[in-house]
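Input: a single structure, listed below in structure tokens.
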Amino acid sequence: MTYVIPVFIALVLIIAFIKKVTCYDTFADGAMEGLKFAFTVFPYLAAMFVFIELIKASGVADALISVCAPVFTFLGIPKELAELIILRPLSGNGSLAILDTLIAEYGADSYIARSAAVITSAAETVFYVAAVYFSTVKVKKMRFIIPISLFASMIGAIVACLLCRFI
Amino acid sequence: MNKIWAIVLIVSTVALTVISPSNVLPTYMSGIGSALEFTFKMAVIYAMWMGINALMDKAGINKFIAKIFKPLTKRLFKNESEKTQEYISLNLSANLLGMSGVATPLGIKAIEAMDDKSGIATESMRLFTVINCTSIQLIPATVIAMRASAGSGSASDIILPTVIATAIATVVGVLLVKVTRK
């Protein structure tokens, strides 16, 4: 698997060269576009990160998790995973941090750590994707995109825990 | 989005002011600081992959990839133009290969191409975004690496449950989008 990306890049360069693409200029143009994208997205990221840091620092996040805990226990999901499931759609890096903690605490092959690994891998940072993908268009009404994605991810997380219990 | 953000920020800021007012400003700054650090990291990734993507585009590779995905994109996004379907195919294939760095700008381009300027998310936009929000790379490399370095007996055995869980999530998402169609 370590060969996938290097081979891919090499192939792209070779094919482009053979097809007489002006590689240096084209790459430079693309790179410039990439840079512009990154900074177009920045303000929305700023709003999201402030959101996340604040709910953590103020205890609102913990309150939310406590509220959701009974639901999770009912579904047979250990409460240690509750924080991860709630944070996953909000923050990819935050999720990795939680996963790291869970692995360290329970061991990489424990039910909790394995479920956490699957939840982290199977879900996406919903708010990030939604914010970033719509950062350049003026769309005011998202029409359930976020609730649907959150719900679907939640189903995915439940399935993940069930699968890890029986495998 | 605007309402959720405002309400949550108000509640959190007030709560934090009560608990520890001297932490309010630092928390805000830290959030923006993290966003800026993250943006710099992503700028590197985006610049690299958009550069490669520009080469791919000029070399006709993108058209080729779009052709492979055509049966799928024609099914789900039949009302969109060729160019839009091309962006969609590129975004999906980039995600599958684990190149989320290039998937994101392509996703943005796809959404831009779907924009009908009405200010309301179109059916294609909804479907595309939900698919992106519920999908993963086939090989969650980072997570596997974390498990391996922590001494897991079989770090990559999470791949199968991950693929199943994510497929189910995507199907649920797509169904919900179809059901809530105007």
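Just so you know, all these numbers are worked out from the coordinates, no wet-lab data involved. What you see is a predicted model, and the numbers here were worked out from it, not measured in a lab. We place every Cβ from the backbone using ideal geometry, glycine too, and count neighbours over all the protein chains shown.
What ratio of Cα Rg to 2.2 N^0.38 Å holds for the protein assembly as shown?
Compared with the compact-globule rule of thumb, the protein assembly as shown sits at 1.01.
Between the alpha-carbon centers of segment B:3-19 and segment B:25-58, tell me the distance in whole angstrom.
28 Å
For labels at B:K63 and B:A150 in the simple 7 Å Cα→Cβ model, what's the distance in nm?
4.8 nm
Just report the Cα centroid separation between segment A:44-73 and segment A:96-167, whole Å.
If we compute the Cα centre of each part, the gap is 15 Å.
Which one, A:V139, A:V60, A:V21, has the greatest fluctuation when you compute a Gaussian network model over chain A with C-alpha springs under 10 angstrom?
Comparing A:V139, A:V60, A:V21 in a Gaussian network model of chain A, the most mobile one is A:V21.
How much length is gained on full extension from B:D116 to B:V18, taking 0.36 nm per residue of separation minus their Cα-Cα distance?
Answer, rounded to one decimal: 30.7 nm.
Checking the cross-link filter: which lysines have an alpha carbon closer than 30 Å to that of A:K141, excluding same-chain neighbours under 8 positions apart?
In chain and number order, the partners are A:K36, A:K56, B:K3, B:K70, B:K74, B:K78, B:K83, B:K109, B:K117, B:K178, B:K182.
Please work out the C-alpha center-to-center distance from segment A:2-23 to segment B:79-138 and express it in whole Å.
With segment A:2-23 and segment B:79-138 each reduced to a Cα centre, they are spaced 24 Å.
Under a GNM of chain A (C-alpha, springs under 10 Å), which listed residue has the highest mean-square fluctuation: A:K56, A:K140, A:K19?
Answer for the Gaussian network model of chain A: A:K19.
If you place +1 on the Cβ of every Lys and Arg and -1 on the Cβ of every Asp and Glu, how big does the dipole about the Cα centre of chain B come out, in debye to the nearest 20?
520 debye
Cα-based Rg of chain A per 2.2 N^0.38 Å, rounded to two decimals?
Chain A yields a ratio of 1.31.
Using unit Cβ charges (K, R positive; D, E negative) and no other charged atoms, how large, in debye to the nearest 20, is the dipole of segment B:68-165 about its Cα centre?
140 debye
How large is the dipole of segment A:59-167 about the Cα centre if only Lys and Arg carry +1 and Asp and Glu carry -1, each at its Cβ, rounded to the nearest 20 debye?
Dipole of segment A:59-167, to the nearest 20 debye: 640 debye.
Anyone know which of A:L99, A:L150, A:L35 comes out most mobile in the 10 Å Cα GNM of chain A?
Ranking A:L99, A:L150, A:L35 by mean-square fluctuation puts A:L35 first.
Any idea what Rg and Dmax come out to for segment B:1-70 if you just take the C-alpha atoms, in Å?
21.2, 59
Among A:G34, A:N93, A:I65, whose Cα lies farthest out toward the positive end of the dipole of segment A:1-104, if unit charges sit on the beta carbon of Lys, Arg (+1) and Asp, Glu (-1)?
A:G34
Please express the Cα-Cα pair-distance distribution P(r) of segment B:27-152 as a list of whole percents, one per 5 Å bin, running from 0 to the bin with the greatest distance.
2, 10, 16, 19, 17, 15, 10, 6, 3, 1, 0
Tell me the label-point distance for the pair A:K138, A:T101, using the 7 Å Cα-to-Cβ offset, in nm and rounded to one decimal.
Going from the A:K138 label point to the A:T101 one covers 4.2 nm.
Taking every pair of distinct Cα atoms and averaging 1/r, then inverting, what Kirkwood hydrodynamic radius in Å comes out for segment A:79-137?
Radius from the Kirkwood sum: 11.8 Å.
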